[in-house]
Amino acid sequence: MASYVERVLDFLERLSKNEEIDKILREDVEWAVDVISANKLYQGGLDGFKIQEDRPEVKTWTEIINMRAIPYNIVEHERLKQYEEKKNDKKDPKGI
């Protein structure tokens with residue numbers, strides 16, 4: 001019994017030999033066979049990939065990811081200060 005990878009490769013190789021499909025699709029199928037055969041399916045291939053940071057949609061996403069666009073509420077920040085741990089506080093080790 002063949003593994004799933006072998007079955008997929010067999011299917012793709014038969015598909016690449018089909019004369020009824022377009023040349024572009026055939027080339028894509030052959031590329032897929034090469035990638036799977038070389039065990040590079042999960043390997044990153046973003047060499048030469050450059051993000052155009054001046055595009056508005058890219059700028060918006062990077063601001064969201066980096067949390068730059070989150071508003072800062074001074075009143076809420078002051079309210080939450082009481083719950084922050086203070087570095088100089090010595091905790092009583094009675095419970096240990």
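Brief remarks follow.
- For first residues located in segment 1-20 and β-branched (Val, Ile, Thr), partners that are in a helix (DSSP H, G or I) and lie 6+ apart or on another chain with Cβ distances below 7 Å form the pairs Val5/Ile36; Val8/Ile36.
- Long-range neighbours under 7 Å by Cβ, at least six apart or interchain, first residue free of Cβ contacts under 8 Å to residues at least 24 places away in the same chain within segment 26-39, second of a type outside the set (Asp, Glu) and in a helix (DSSP H, G or I): Arg26/Ser16; Val29/Leu12; Val29/Leu15; Val29/Ser16; Glu30/Ser16; Ala32/Leu12
- Counted residues, segment 60-79 - those being of a type in the set (Phe, Trp, Tyr) and within 28 Å of the chain's Cα centre (by Cα): 1
- Of the residues making up segment 32-53, those that are at pLDDT 80 or above and at negative phi number 10.
- Of all the listed residues (Lys23, Lys86, Lys81, Lys59), the sole one being exposed (fewer than 10 other Cβ atoms within 10 Å of the Cβ) and modelled with pLDDT under 85 is Lys86.
The values are calculated or read from the model by the stated rules, or taken from the named source; none is laboratory data. None of the values given here were measured: they were computed from a predicted structure. Please note: Cβ atoms are built from the backbone with ideal geometry, for glycine as well, and neighbour counts cover all protein chains shown.
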